[in-house]
Amino acid sequence: MSQSLSAVAQIAADLFGVSADKVTDSFSAESTDKWDSVAHLNLVTAVEERFDIMFEPEEVDEMKTIGAIAKLVDEKRAG
Amino acid sequence: MAKIRLEPFTEAAIPAVQAFNERMRAGGSEFVFPDHPYADFLPKLPGRKSYQDMYLLLEGDDVRGGFILRWQDFAVNGEMHRIAHYKLPLSEGIVNPSYARLGLQIVRYALRIEPKIFALGMGSRERALPKMLEAMKWGMYDVPFSFSVGHGGAFVRNIKPLRTTEAREQLFDVAAALGVADIGIAAVHFGQRLRRRGLAALDRGPRPAVDDLTTPFDDWADDLWQRAMSHYTLCGVRDAEMLNLLYPAEDLRFIRLRIQRRGQVLGWAVCLDTQMHRHKQFGDMRVATIVDGLALPDHVRTVVDSATRHLLARGADMVVSNQGSAAWHSALLDCGFLDGPSNYIFAASPKLRQLLEPFDASSAGFHINRGDGDGPINL
C-alpha cells in the first residue's frame with residue numbers, strides 16, 4: 001500500500017466510521033451508505049488539507065474509489 | 001462510464017433534462033431542473049445587466065446535474081462588483097449514491113466560471129447544500145425572518161407551525177372565535193414596540209405620503225440608489241433600470257410603494273399581497289411580503305412603517321419580510337414585528353467572503369432580501 005493510499009484510507013475510515021483495514025483501494029460509495037455528497041466533500045477537502053493540494057472539478061469526477069483518490073494525490077504531488 | 005463535462009443548457013439537451021428530472025422525481029427528489037433553457041425569471045436578452053445562465057453536467061448524452069448563475073452587479077463597500085447568485089445546484093447524487101461526487105464538482109465548476117458567487121435561501125443549515133458550503137469555508141449568514149400579524153384570528157386559525165396538536169388547534173380556534181386572538185396578538189406587537197422604542201414616536205414629522213406607483217421607477221430611484229448604496233456593505237444594484245427589470249410596472253403582482261415627505265423621497269418598498277391556499281406554513285391566510293426596499297438608514301423605519309400600514313390597510317392578515325441588514329431588521333422590530341425561524345441563508349464563496357471581511361462584523365450591512373433570491377416565487 002502506497003503512503004498516499006494508506007493516508008487516504010485512514011481519512012476515509014475516520015470519516016465513515018469503519019476500520020481502516022476494511023478500506024481497500026476499491027472502497028467506494030457502493031461500499032457504505034455514509035458516502036453521500038456531503039461525505040464526499042468532507043473526504044476530498046480532508047485529503048486536500050492533508051496533502052496541501054487542490055483538485056479540479058474534472059479530477060473530482062475520477063474520485064470513484066479510494067484507490068482513484070490516492071492515485072490522483074500521487075499524480076498531483078508528482079507535479 | 002464517460003467523463004462528466006460542463007456545458008451550457010441548450011435546446012438540444014431538453015430531452016436529456018426531462019429524463020434527468022424523471023429520474024430525480026422517481027428517486028424522491030423535491031427539486032427538478034427547469035426543463036427548458038429559457039429562464040422564466042431574468043432571461044438572457046441583449047443589453048441586459050442582470051440575467052440567468054443555465055449549465056448542465058453531462059455524462060455522454062445523459063444529464064447528471066446542473067446549476068444556474070444569476071448575474072448581477074453589487075455594491076460592496078461602495079465599489080461595484082459583478083457577482084453571481086448560485087442557484088438550484090442539482091445532482092443525481094441526491095437519488096443515486098454513485099454520483100455523490102457531483103455535488104462537489106458542481107460547486108467547483110461554478111467557482112471556475114465566477115469565483116465571487118453566493119447561495120441564498122436553502123431551507124435550513126441542516127440541508128446538504130449549506131452543510132457542503134460551510135465545509136468549503138463559505139461565509140454563512142442567516143437572513144432574519146420577521147412578521148407582523150394584522151388579523152390575530154386568521155393567524156391562529158391558519159399558522160401551521162403553531163397548530164401542532166389537536167388541543168392547540170382547539171384552543172386557537174376558540175381564541176379566534178372569541179376575538180381573544182386579535183387582542184392578544186395586538187398586545188404582543190404593542191409590547192414589542194414598547195420594548196424597542198419605549199413611548200417614543202416611531203417617526204418625527206408629518207405622516208409621509210405613500211404613492212402606490214403605476215409607472216416605471218424613474219430618476220428619483222437612481223438618485224436614491226446613489227445616495228444609499230454606500231450605507232450598506234453589500235447591496236445589489238437597485239437603480240431604476242434594475243428595478244424596472246425586477247419589478248416591472250406591468251406586473252400587477254408587485255405593489256411598488258414610494259414614500260415621500262414634503263416632496264423628498266425617503267425610500268421605496270416593493271411588496272406582494274398573496275392569498276395563500278393550503279400553504280404548508282400559512283394555511284389559507286392572506287400574506288403580504290415586504291420583498292425589497294431601499295432607504296438611507298435614518299429613513300428605513302419610516303419606510304417599513306408606511307409599507308406595513310399600507311399592506312394591513314389593504315386587508316392582509318399578516319406581513320412578513322426577510323431583511324439582512326441591521327438597519328432594516330431593526331426597523332421591522334421597532335415597528336412591532338417579531339422574529340421567526342429563518343430558512344433564508346446567505347452563503348458567500350471564499351472570494352466573495354474575502355471582499356466582505358471581517359465577514360461577521362460587515363454582515364450588519366448586508367442589504368440582502370427576497371429581491372436577491374429566486375424572484376417572486378413562493379411568496
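Every read-out reported here was derived from the displayed coordinates using simple, explicitly stated rules and does not represent laboratory data. For clarity, every value in this text was computed on a predicted model and none was experimentally measured. We place every Cβ from the backbone using ideal geometry, glycine too, and count neighbours over all the protein chains shown.
The dipole here belongs to region B:231-291: it is taken about the Cα centre, uses +1 on the Cβ of Lys and Arg and -1 on the Cβ of Asp and Glu, and is about 280 debye. Each principal axis of the Cα atoms in region B:146-339 has its own extent, and those three values, largest first, are 55, 39, 29 angstrom. Among the residues of A:40-53, the average count of other protein chain beta-carbon atoms within 10 Å of the residue beta-carbon is 3. Take the Cα radius of gyration of chain B and divide it by 2.2 N^0.38 Å, N being the number of residues; the result is 1.04.
Legend: helices of chain B (whole DSSP H runs) are marked when their alpha-carbon atoms reach 20 angstrom or more along the helix axis and their mean Kyte-Doolittle hydropathy is at least -0.5; marked are B:180-197.
Looking at the square roots a ≥ b ≥ c of the eigenvalues of the Cα gyration tensor of region B:4-114, which shape do they give, rounded for a/c under 1.5, prolate if a/b is larger than b/c, or oblate? In terms of gyration-tensor shape, prolate. Dividing the Cα radius of gyration of the protein assembly as shown by its Kirkwood radius returns 1.02 for Rg/Rh.
Apply 1/(1 + (r/R0)^6) to the Cβ-Cβ distance of B:Q275 and A:E49, taking R0 = 41 Å, and write down the FRET efficiency to the nearest 0.05. For B:Q275 and A:E49, the calculated efficiency is 0.20.
Dipole of chain B computed with +1 at Lys/Arg Cβ and -1 at Asp/Glu Cβ about the Cα centre; of B:L296, B:F74, B:F172, farthest Cα towards the positive end is B:F172.
Only beta bridges with both residues in region B:218-374 are counted; by DSSP, about 80 percent of them are antiparallel. Evaluated at q = 0.17, 0.21, 0.24 Å⁻¹, the base-10 log of the normalised Debye intensity for region A:3-78, with identical point scatterers placed on the Cα atoms, takes the values -0.54, -0.86, -1.16. Among the chymotrypsin sites (Phe, Trp or Tyr not before Pro) found in region B:11-46, those both in a DSSP coil and sparsely packed, with 12 or fewer other Cβ atoms within 10 Å of their Cβ, are B:F31, B:Y38. For chain B, adding -39500 (n - 2.57) for each run of n ≥ 4 DSSP H residues and dividing by the number of residues yields -9500 deg cm²/dmol at 222 nm. Within the protein assembly as shown, DSSP assigns beta bridges of which about 90% are antiparallel (rounded to the nearest 5). Summing Lys and Arg as +1 and Asp and Glu as -1 over all other residues whose Cβ lies under 14 Å from the Cβ of B:L213 gives a net charge of -4.
Averaged over the residues of B:120-130, the number of partner chain Cβ atoms lying within 10 Å of the residue Cβ comes to 1. For region B:146-339, a simple Cβ point-charge model (Lys and Arg +1, Asp and Glu -1, everything else neutral) yields a dipole of about 680 debye relative to the Cα centre.
Measuring between their Cα centroids, region A:24-45 and region B:287-314 lie 48 Å from each other. Of B:K131/B:K351; B:K3/B:K116; A:K34/B:K160; A:K76/B:K3; B:K87/B:K137; A:K22/B:K137, which pairs sit farther than 22 Å apart, going by alpha carbon to alpha carbon? Over 22 Å Cα-Cα: B:K3/B:K116; A:K34/B:K160; A:K22/B:K137. Take each residue in A:60-72, count the other chain C-beta atoms within 10 Å of its C-beta, and the mean is 3.
Restricting to chain B, what percent of DSSP beta bridges are antiparallel, rounded to 5? Bridges in chain B that DSSP calls antiparallel: roughly 90 percent. Taking the centroid of alpha carbons for each part, region B:114-150 and region B:254-280 are 25 Å apart. Highest mean packing first, where packing is the average number of other Cβ atoms within 10 Å per residue, the peptides B:354-364, B:289-299 line up as B:289-299, B:354-364. Across the options B:A209, B:Q226, B:A240, the greatest Cα extent toward the positive end of the charge dipole of region B:204-243 (unit charges at beta carbon of Lys, Arg, Asp, Glu) belongs to B:A209. If only the Cβ of Lys and Arg carry +1 and only the Cβ of Asp and Glu carry -1, the dipole of chain B around its Cα centre is close to 760 debye.
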